[in-house]
Amino acid sequence: MERCDEQVDVKGVLCMLASVVLFAANTLLIRAASDFSVAADGWMALLFRGVLGVFLLHAIYRKSGILDWKRVFTNRFVFMRGLIGGVAIISFYITIVELGAARASVINLTYPMFATLIAAFWLKEKVSMVKRVWLVVALAGLVVFLSDGKSSLTPSMYDLLGLLGAVSSGWVVVIVRRLRDDMHPAQIYAALVVFSLLMGVPSLVKVAELSDFSWGFLGAAAIVVTFGQLYMTSAYQHLSIVQGSSLQMALPVVTAFGAFVFFGESFQAYELAGALVSLFAIWRVAAGKK
C-alpha cells in the first residue's frame with residue numbers, strides 16, 4: 001500500500017474519497033450478507049474485519065519492517081486508537097439496531113464537530129468560522145437526507161450511546177492525525193484490527209450458522225474496509241481534521257446510491273435535496289485552504 005504524495009493536497013482528497021467508496025462498499029456487502037443469514041450481524045462483521053485485517057496486514061507488510069504488532073500494546077497512542085476505535089464501532093452497530101439507520105447515522109456524523117474541537121485544543125489546528133458554518137450546513141443536509149420523518153426528538157439511552165460513539169470517532173480521527181508523522185498507516189490500523197478481533201471473538205459460536213454467500217460477502221467486506229482504512233489514514237497525513245472528516249460525511253450519500261443501484265431502494269425528493277445540500281457544503285469545506 002503506497003502512501004499518497006505528501007506535497008500534493010489533491011491526492012489527499014483523492015485518498016479520502018477512495019476510502020469513502022470502500023467504506024460504502026463495506027456497508028453494502030454486510031447488508032448483502034445479512035440477507036442470506038441472520039447470523040451475519042454487526043458483531044460477525046466485526047470478527048471478520050479483525051481476522052482478515054490481521055491476515056492482510058501481516059501478508060502485505062511482514063517483510064517491510066513497517067509493522068510491529070507489539071506496538072499495539074506498548075505505544076499508548078496506538079493502543080488508544082484501537083480501544084477507542086473499537087468502542088466507536090460497537091456503539092454505532094448497537095444504535096443502528098436500536099434507533100434505526102437514519103437516526104444512528106445522523107448522531108454518529110456529529111463526530112467531525114467533536115474531532116474539530118478536540119484538534120483545536122490538542123493539535124492547535126485553527127478552524128475558520130466559515131468552515132464551521134459549512135460543517136453545520138452539511139450535517140443539516142444529512143439530517144434531511146437520512147430522516148424518515150418519524151424519529152422522536154426525545155433523547156434516549158441509545159441516543160447517548162450514539163453520542164459516545166461519535167465522541168469516540170472524533171477522538172480516533174485526532175489520534176490518527178497525531179500519529180501521522182510517526183507511523184505508517186498500516187501500523188496505525190493494526191491497532192483497530194486487533195481490537196476488532198478481540199471484541200468479535202464471542203461471535204465465533206455463530207460462525208457455523210453462516211451460509212456460503214454470507215461467508216463470501218463478509219470476507220469481501222473485511223477486505224475492502226481494510227484498504228478503506230489504509231487510504232483514510234494516509235489521507236489524514238495531508239488533510240486537516242476538518243477537511244478529512246467533512247469528506248467522510250459524504251459516506252451516507254454514497255452508500256444510499258449503492259443501495260439504490262443494487263437493492264432497489266428509492267428516495268423522496270426532499271431526501272435528494274438534503275443530499276445535494278450536504279455534498280455542496282462538504283465541497284466548500286474540503287476545497288478550502290489548509
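Quick notes on this one:
- Computed over region 15-164, the convex hull of the alpha-carbon atoms projects to a mean area of 11.8 nm².
- Dipole check for the chain: with +1 at the C-beta of Lys and Arg, -1 at the C-beta of Asp and Glu, and the Cα centre as origin, the magnitude is about 980 Debye.
- Among 55-66, 31-42, 78-89, sorting by the average number of other beta carbon atoms lying within 10 angstrom of each residue, highest first, gives 78-89, 31-42, 55-66.
- Converting phi to 3J(HN,Hα) with the Karplus coefficients 6.51, -1.76 and 1.60 and the offset θ = phi - 60°, region 74-85 yields 9, 9, 5, 6, 5, 4, 4, 4, x, 5, 5, x Hz in sequence order, with x at every glycine or proline.
- Mean ellipticity per residue at 222 nm, deg cm²/dmol - from DSSP H runs of n ≥ 4 across the chain, formula -39500 (n - 2.57): -25000 deg cm²/dmol
- For region 168-185, 3J(HN,Hα) per residue [Karplus equation, 6.51 cos²θ - 1.76 cosθ + 1.60, θ = phi - 60°, Hz, x = Gly/Pro]: 4, 4, x, 4, 4, 4, 5, 5, 4, 4, 5, 8, 4, 8, 9, 9, 6, x
- Region 167-253 - Kirkwood radius from inverse mean 1/r over Cα pairs (Å): 14.7
- The loop-placed chymotrypsin sites (Phe, Trp or Tyr not before Pro) in region 232-290, going by DSSP, that have at most 15 neighbouring Cβ atoms within 10 Å of their Cβ come out as F267.
- Shown for region 118-271: the carbon plus sulfur share of the solvent-accessible area, taken with all protein chains present and a 1.4 angstrom probe, equals 70%.
- Averaged over its residues, region 138-290 has an accessible area of 44 Å² per residue, based on protein heavy atoms and a 1.4 Å probe.
- Exposed-site-free run, longest, the chain (rule: GluC sites (Glu not before Pro); DSSP loop; at most 16 other C-beta within 10 Å): 7-264
- With 5 Å bins from 0: P(r) over the chain, alpha-carbon pairs, percent: 1, 6, 12, 17, 20, 18, 14, 8, 4, 1, 0
- Short to long, the 10 Å bins of the Cα pair-distance histogram for region 208-290 hold 15, 33, 32, 17, 3, 0 percent of all pairs.
- Under the criterion of Cα pairs below 8 Å and six or more residues apart, the relative contact order for region 150-244 equals 48 percent.
- Cα gyration tensor category, rounded, prolate or oblate, for region 103-247 with a/c compared to 1.5: oblate
The values are calculated or read from the model by the stated rules, or taken from the named source; none is laboratory data. Computed from a prediction, not measured in an experiment: that's the story for all the values here. Quick reminder, even Gly has a Cβ in these numbers, built from the backbone with ideal geometry, and neighbours come from all protein chains shown. The area values use the complete protein model at the heavy-atom level, side chains included, leaving out ligands, DNA and RNA. Shrake-Rupley method; radii C 1.70, N 1.55, O 1.52, S 1.80 Å.
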